[in-house]
Structure formats: structure tokens, C-alpha cells
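Read the structure below first, then the notes.
Where a number appears in this text, it was derived from the coordinates with a stated rule and is not lab data. Computed from a predicted model, the values in this text were never measured in an experiment. All Cβ positions, even for glycine, are placed from backbone atoms using ideal geometry, and neighbour counts span all protein chains on display.
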Amino acid sequence: MLSVKYLGHACFAATDGAKTVIIDPFLTGNPLAPVSSEQVKADAILLTHGHGDHIGDGIDIAKRNDTLVVAPYELASYCQFQGCRVHPMHIGGCHEFDFGRVKLTQAVHGSGLVSDGQITCLGNPCGFLLHMGGKTMYHAGDTGLFGDMHLIGDLNTIGLAALPIGDNFTMGIDDAVIGAQWLHPAVVVPMHYDTFDVIKANAEEFARKLSELNVKCVVLKPGEEIEVR
Ligand code: NI
Ligand code: MN
């Protein structure tokens, strides 16, 4: 069994009942976050890229609980320099952890961390295929639509696909509808919208467009959970 809780923006906590993995824990500074970073307990933290709304509280949570950080090499190295225990990976690579299997997928986006008037480029951004509890979740990361989503859908049986719909920085609704058809997951969950004005999007419109194409979409409010089938 795999249960996935939406923690707002691009943050999800996935559990098989024994282990919990959290992806992109942006809680502090997220007006829609349903929990604080202190309330988060995880066996691993997966980070898609170095933007502040994805690294978020990741380094703090990892250091406080000695939680393993899994990320693309450059971002993992950065987290290691900050005192985290890390497991670096890269796009196309797969690794079996004690909580499950993680494969990094491409994401068409950036990965520069902006702080103190400087940009630290942290390599390529990624998405994750997380296989846990006998089910597979695809977290697309921040990305525009790309043709290989077709391939990701054909090569994997995806139980849940988390896709950005907020536009401006990522896919908007119409591109995400195309991506969802290519991925043909059991369920699509929209993410990366409404957190800020510039990424306001109508998730119900997204769900309606998908249902017209016989693709199941569940709009999770921050704090809501779904079991992956
Ligand atoms: Ni980003
Ligand atoms: Mn983002």
C-alpha cells in the first residue's frame, strides 16, 4: 500500500505504513502549508531542484532529524556542504533504498538557488519515480511539457502522477492535460498552483478537462491524503 498526502505547493509525503518519504518540503513561507516543518518526520527527503520553493525546509528537517536527502548530484552536494546526510543521484539513474526505489526523470526547468543577491547553480532539476509499497508515484517536479513524458508513461505503471498546473514557471493546465494523457496514471493530482498570485490556476477546470478525456483527477487540498491504487 502507498498513501500520499499533499502538503501544499509541490510537497507530498508518501508512506507505505512503515516508512515515510517527503518530497520538496516547502512549508515555512508557504501560506497554504497545512503543517509546520517541526511537525514533519520522514525517513528520507527527496528534492527535485534548488529553487527556494522546493528545497524549502529540506535542509533544516534533514539536519534536525538526521534524515537522508536524495537529490541530483549538484544539489545533494550543496546539502552535504550544509551538514546533511545525502545520497546523490542523477537523471536516468535508479536506486533501491530501504524505503523503496527512486528513479530520477528529466524536468525542463532551472535549479539555481537565489540567496543574498547571489545565484548558486545547482545542476539540472529532476522529477521522481518513487516505487514504494508496491505502487509507483510520479512527481514531475517543476517542468514544462516534454515529449518523453510519453515514454515515462509507457515504461511505468503509474498509480499517481503529481503534475504542476500553475503556469508561468511550469506547465499550465492545457499542457498538463496533454502530459497526463501521455502518462496515463491511475490518478492525476495537480500541484504547484495557487501558492502565489502568479501561479493561480483553476484545479477544478483541470479536473473537468481530464474527466472529459476519461482520465481520473483528484484535487487534494493541502493536508488531504489519497491511497494509491
Ligand atoms: Ni522551480
Ligand atoms: Mn517551483
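Quick rundown of the values:
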item	result
Listed residues C94, C79, C217, most fluctuating in the chain (Gaussian network, C-alpha, under 10 Å)	C94
Sequence-distant residues sharing a close amide H with T48 (under 5 Å, placed H)	D24
Within segment 65-107: backbone nitrogen closer than 14 Å to the S115 label point (7 Å, Cα to C-beta)	75-84
Over 21 Å [Cα-Cα, segment 125-192], rounded percent	13 percent
Stretchable slack from T157 to E227, in nm (0.36 nm times residue separation minus alpha-carbon distance)	23.6 nm
Shape call, segment 165-229: gyration tensor on alpha carbons, a/c limit 1.5	oblate
Amide hydrogen neighbours beyond the local backbone of T170, cut-off 5 Å, H modeled	none
Length-normalised contact order for segment 119-229 - Cα pairs under 8 Å, 6+ apart - percent	22 percent
Amide hydrogen neighbours beyond the local backbone of A201, cut-off 5 Å, H modeled	D194
For segment 53-61, 3J(HN,Hα) per residue [Karplus equation, 6.51 cos²θ - 1.76 cosθ + 1.60, θ = phi - 60°, Hz, x = Gly/Pro]	7, 10, 4, x, 8, x, 5, 4, 4
Principal axes of segment 110-229: Cα extent on each, largest first, Å	46, 30, 29
Cα gyration tensor category, rounded, prolate or oblate, for segment 58-125 with a/c compared to 1.5	oblate
Positive-pole candidate from A203, P31, T15, dipole of the chain, charges at beta carbon	T15
DSSP beta bridges in the chain [antiparallel fraction, %, rounded to 5]	60 percent
Rh (Kirkwood; distinct C-alpha pairs) - segment 1-131, Å	14.5 Å
Check: the chain dipole with +1 on Lys, Arg Cβ and -1 on Asp, Glu Cβ, in debye	480 debye
Sorted peptide list for 41-47, 20-26, criterion being average Cβ within 10 angstrom, highest first	20-26, 41-47
The chain: equivalent-ellipsoid semi-axes (sqrt of 5 x gyration tensor eigenvalues, Cα, Å)	24, 19, 17
Subset of K63/K200; K41/K63; K103/K200; K19/K63; K63/K221; K5/K103 violating a 22 Å alpha-carbon distance limit	K63/K200; K103/K200; K63/K221
Three-way shape label, segment 73-163, alpha-carbon gyration tensor, a/c 1.5	oblate
From phi via Karplus (6.51, -1.76, 1.60), per-residue ³J(HN,Hα) for segment 188-204 in Hz, x at Gly/Pro	9, 10, x, 8, 6, 8, 6, 4, 10, 4, 5, 10, 4, 8, 8, 5, 5
